[in-house]
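Participant: Right, I'll just put the structure down here and ask away after.
The values are calculated or read from the model by the stated rules, or taken from the named source; none is laboratory data. Note that the structure is a prediction, hence the values are computed from the model and not measured. Every residue, glycine among them, receives a Cβ derived from its backbone with ideal geometry; neighbour counts consider all protein chains shown. Accessible surface is based on the protein model in full, side chains and every heavy atom, while ligands, DNA and RNA are left aside. Shrake-Rupley method; radii C 1.70, N 1.55, O 1.52, S 1.80 Å.
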Amino acid sequence: MKRSPSEMVAEDRQAVVDNVLAQFFRAQLSRARTLDASYVDLWRSLEANTVGGKRFRPRMVSLAYDALGGIEVEPPAYVGAAFELLHTALIIHDDVIDRDFVRRGAPNIAGTYRDRAIGRGLDTVTAEHRGASAAVIAGDLALFNAYRLIDRSGANDVVRDRLLEVLDEALFASAAGELIDIDYAGGDEPPPVHDILRMVRLKTAVYTFECPLQAGAILAGASDAVVATLGDFGREIGIAFQLVDDLLGVFGAESLTGKTTLGDLREGKRTVLIAYATMRDGWAEFEGDFGNPDLDEAGADRIRAFLTDCGARRYLESLARDYSRRGLERLSAPHVPSALRDVLIPVADEVLERVK
């Protein structure tokens with residue numbers, strides 16, 4: 001089957017990002033060997049957690065960069081790799097916060113180190129703490145080195161400073177969103193939908209869509225107006241993306257999402273899906289199960305049936321489509337080049353395609 005020119009560019013760009021990451025990890029493994037074998041193991045585990053992902057954020061960087069006339073190979077690859085490391089750091093830490101030991105259908109770093117500890121005879125509580133501790137260290141390493149990759153991108157001083165500011169905003173906003181999410185999970189009263197949507201934007205949309213798109217535009221020398229509009233588009237599409245993600249967190253197939261569909265229900269995660277359901281008659285029957293760490297599949301199925309019957313699932317799907325439409329409307333601004341519009345419309349379609 002022949003590849004379209006855009007598919008060829010996307011695949012070639014991803015290959016370069018993969019190569020940047022491979023070179024980075026080779027260098028870090030070489031350094032680690034001078035210190036301790038256990039440190040080498042940690043770096044290998046960290047590298048393994050960057051393999052197999054969809055490289056979604058690097059793709060946002062390259063889509064904007066290429067559509068806006070960028071022609072260089074290495075700078076967008078290094079910037080994309082930086083956002084991939086940032087993503088790796090955030091999901092590692094997020095799994096620790098959520099007490100998840102599986103990612104993409106296999107043990108994550110916390111799960112790997114927990115299982116090793118159990119194999120050495122440690123009790124489960126101690127083993128889980130050891131796994132979480134290793135994951136925190138690995139996430140910290142990924143986080144710091146995301147900034148190092150921006151420094152190595154080859155961008156001139158002015159552009160590099162702007163890129164660092166964008167990466168900083170991605171981390172700053174995501175940390176705020178994560179903290180708000182933690183507060184919501186432990187609260188007695190369910191937060192209103194608009195507050196959860198604000199949390200969604202901070203925790204996910206900024207670092208997944210807004211900032212990678214803006215970074216690609218900055219690297220390509222785009223105008224401030226285009227950079228700002230890409231932020232607006234990324235905000236709307238990013239919210240739609242997370243709404244779909246929350247839906248898949250309850251109704252998705254673990255073989256496709258890589259995460260259990262029990263996690264959010266056991267955690268008592270406050271999503272728009274749940275916020276809507278709590279306002280419907282009959283929710284009180286499920287309050288004892290929602291947030292129960294021992295919730296089983298039968299109990300989860302009962303909650304899923306209620307979420308469907310009360311209209312929460314349908315509401316979330318409709319809201320995701322609405323945010324996707326808002327994002328596309330942002331692209332109608334006259335200063336947005338048609339080439340940029342053409343590559344971003346399929347992104348919006350892809351976000352919604354996951355729930356079909």
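Participant: Kindly indicate whether any position in segment 80-90 is free of Cβ contacts under 8 Å to residues at least 60 places away in the same chain and either open to solvent by less than 20 Å² (accessible area, probe 1.4 Å) or not hydrophobic (A, V, I, L, M, F, W, C) (or both).
Facilitator: Scanning segment 80-90 turns up at least one residue that is free of Cβ contacts under 8 Å to residues at least 60 places away in the same chain and either open to solvent by less than 20 Å² (accessible area, probe 1.4 Å) or not hydrophobic (A, V, I, L, M, F, W, C) (or both).
Participant: Exactly one of (1) under 17 Å from V166 (Cα atoms); (2) without any contact (Cβ under 8 Å) to a residue 24 or more places away in the chain; (3) among the β-branched types (V, I, T) is unmet by T34. Its number?
Facilitator: That leaves (1) as the condition not met.
Participant: Against the condition over 17 Å from L143 (Cα atoms), at pLDDT below 95, assigned to a loop (DSSP other than H, G, I, E, B) and under 21 Å from the mean Cα position of the chain (by Cα), how does K2 come out, does it pass?
Facilitator: Taking the combined requirement at face value, the residue does not satisfy it.
Participant: Looking at segment 152-226, what helices (runs of 4 or more DSSP H) fall wholly within it and have at least 1 residues that are of a type in the set (D, E, K, R) and open to solvent by 70 Å² or more (accessible area, probe 1.4 Å)?
Facilitator: Here the list reads 157-185, 193-200.
Participant: Do we have A348 as of a type in the set (G, A, S), within 27 Å of A185 (Cβ to Cβ) and at pLDDT below 95 here? Break it down into steps so the answer makes sense when it comes.
Facilitator: Values: of a type in the set (G, A, S): yes; within 27 Å of A185 (Cβ to Cβ): no; at pLDDT below 95: yes.
Taking the combined requirement at face value, the residue does not satisfy it.
Okay, residues lined up against (1) at pLDDT 95 or above; (2) open to solvent by 40 Å² or more (accessible area, probe 1.4 Å); (3) under 21 Å from the mean Cα position of the chain (by Cα):
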{"residue": "A27", "(1), (2), (3)": "yes, yes, no"}
{"residue": "A37", "(1), (2), (3)": "yes, yes, no"}
{"residue": "D41", "(1), (2), (3)": "yes, yes, no"}
{"residue": "R44", "(1), (2), (3)": "yes, yes, no"}
{"residue": "T50", "(1), (2), (3)": "no, no, yes"}
{"residue": "F56", "(1), (2), (3)": "no, no, yes"}
{"residue": "M60", "(1), (2), (3)": "yes, no, yes"}
{"residue": "Y65", "(1), (2), (3)": "yes, no, yes"}
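Participant: Being in a helix (DSSP H, G or I) and among the polar types (S, T, N, Q) is true for just one of S332, S324. Which residue is that?
Facilitator: Numbers: S332 fails: in a helix (DSSP H, G or I).
Answer to the selection: S324.
Participant: Going by what's in this entry, would R314 be described as of a type in the set (K, R) and free of Cβ contacts under 8 Å to residues at least 40 places away in the same chain?
Facilitator: Details: of a type in the set (K, R): yes; free of Cβ contacts under 8 Å to residues at least 40 places away in the same chain: yes.
When the stated conditions are applied, R314 passes them.
Participant: Further question: Among (1) surrounded by fewer than 22 Cβ atoms within 10 Å (Cβ to Cβ); (2) more than 15 Å from R44 (Cα to Cα), which single condition is G111 missing?
Facilitator: Exception for G111: condition (2).
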